[in-house]
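A short worksheet on the structure shown next.
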Amino acid sequence: EKQRLKNQIALVTGASSGIGAGVAKALAADGATIVVNYSSSAEGAEKVVAEIKNAGGQAIALKADVSKEAEVLELFRQVIEQFGTLHILINNAGIQQDAPFVEMTLAQWQKVIDVNLTGQFLCAREAAKEFLRRGLQPEISKAAGKIICMSSVHEVIPWAGHVNYASSKGGIMLLMKSIAQELAPYKIRVNSIGPGAIKTPINREAWETTEAAQKLLTLIPYNRIGEPRDIGEAAAWLASDESDYVHGITLFVDGGMTLFPGFEANG
Ligand code: NAD
């Protein structure tokens, strides 16, 4: 096993299921101590913690709604109280509340922006404060801190029926790039991952039946639906010193979904 993240503390938001759980396990396998954040499923979070511990890793679960400023401040206070500092933030928590555009309520719009975009702003701000306070620890990592934002292929692919979600991910793109530009001089590395279609609870109806999965595969040139592990492996690399010169990018992990599939038939 690689131990590229040894002696590093990593906070993964929304890590009680899906991609967050996959990322938490991958970072733990690479040596990081994991804070498994969750908002509602304590049971899911404890299951992820147990899986990490059974595999020989270290983890704890902490509850916080990332869209609430007071809860985010309390989450970071607890992380720093327990572990002294933080080295890696995975801004992963996210939701969908779909509706045709003209039927979308203001509440649906605001809820998705609050969790997906404002939640990432709040957590990134608190992480950056701690990275700046602590500064570089050259024996631990080449960077003074790493922030990885979970975006989506929908930061570039428009998505009818999901205007709130696509807007939140488009917003994350320039949130990430602007923070990256501002924090680079302090050796804080900021990037995004743009997953394609990954099998998780958020999109169950898109892969659960054979018909739905066949339809989804027409959008994926590599002809395979992704697994949380695919994103976990990418996140572990992006958090490690192996990617020390990678800064301000979105790493699409999507089996080619961003390659305008459909055009190959018209060549
Ligand atoms: P998921 O529903 O399994 O995970 C989302 C997690 O966020 C859940 O654990 C949920 O409890 C948590 N969460 C929701 N609101 C929260 C809040 N206010 N505070 C803290 N946690 C909260 O779905 P997923 O697919 O694993 O999604 C994870 C991230 O990946 C999201 O940002 C999503 O937009 C992104 N993503 C997923 C896919 C995909 O195909 N599954 C594709 C692109 C991007």
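Here are the numbers:
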{"read-out": "Subset of segment 233-267 [within 21 Å of Val23 (Cα to Cα) and assigned to a helix (DSSP H, G or I)]", "value": "Glu233, Ala234, Ala235, Ala236, Trp237, Leu238, Ala239, Asp241, Glu242, Ser243"}
{"read-out": "Selection from segment 118-145 of residues that are within 10 Å of the ligand (Cβ to nearest atom) and touching a Gly at 6+ places or on another chain (Cβ under 7 Å)", "value": "none"}
{"read-out": "Unique residue being outside any loop (DSSP other than H, G, I, E, B), more than 27 Å from Ser240 (Cα to Cα), away from the ligand (no atom under 13 Å from the Cβ) and of a type in the set (S, T, N, Q) when the list is Gln82, Gln108", "value": "Gln108"}
{"read-out": "Residue that is surrounded by the most Cβ atoms within 10 Å (Cβ to Cβ) [pool: residues in segment 85-97 that are away from the ligand (no atom under 14 Å from the Cβ) and part of a loop (DSSP other than H, G, I, E, B)]", "value": "His87"}
{"read-out": "Residue list for segment 24-51, restricted to those being more than 10 Å from the ligand (Cβ to nearest atom) and surrounded by fewer than 24 Cβ atoms within 10 Å (Cβ to Cβ)", "value": "Ala29, Asp30, Gly31, Thr33, Ala42, Glu43, Glu46, Lys47, Val49, Ala50, Glu51"}
{"read-out": "Complete set of residues in segment 146-165 that are touching a residue at least 24 places away in the same chain (Cβ under 8 Å) and within 11 Å of the ligand (Cβ to nearest atom)", "value": "Cys149, Met150, Ser151, Ser152, Val153, Glu155, Ile157, His162, Tyr165"}
{"read-out": "Of all residues in segment 162-188 being of a type in the set (Gly, Ala, Ser) and within 21 Å of Gln108 (Cβ to Cβ), the one that is surrounded by the most Cβ atoms within 10 Å (Cβ to Cβ)", "value": "Ser168"}
{"read-out": "Residue in segment 8-23 that is farther than 19 Å from Ala143 by Cα, away from the ligand (no atom under 14 Å from the Cβ) and touching a residue at least 12 places away in the same chain (Cβ under 8 Å) present", "value": "no"}
{"read-out": "Given (1) within 19 Å of Ala29 (Cβ to Cβ); (2) in contact with a strand residue (DSSP E or B) (Cβ under 6 Å, 6 or more places away or on another chain); (3) polar (S, T, N, Q), index of the condition Asn54 fails", "value": "(2)"}
{"read-out": "Search result, residues across segment 202-215 that are part of a helix (DSSP H, G or I), surrounded by fewer than 17 Cβ atoms within 10 Å (Cβ to Cβ) and more than 15 Å from the chain's Cα centre (by Cα)", "value": "Asn203, Arg204, Glu205, Ala206, Thr210, Glu211, Ala212, Ala213, Gln214, Lys215"}
{"read-out": "Filtered residues of segment 52-64 (kept if in a loop (DSSP other than H, G, I, E, B) and buried (at least 18 other Cβ atoms within 10 Å of the Cβ))", "value": "Gly57, Ala64"}
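Bear in mind that the values in this text are calculations on the coordinates, not laboratory data. Fair warning: this is a prediction, and the values are worked out from it, not measured in the lab. Please note: Cβ atoms are built from the backbone with ideal geometry, for glycine as well, and neighbour counts cover all protein chains shown.
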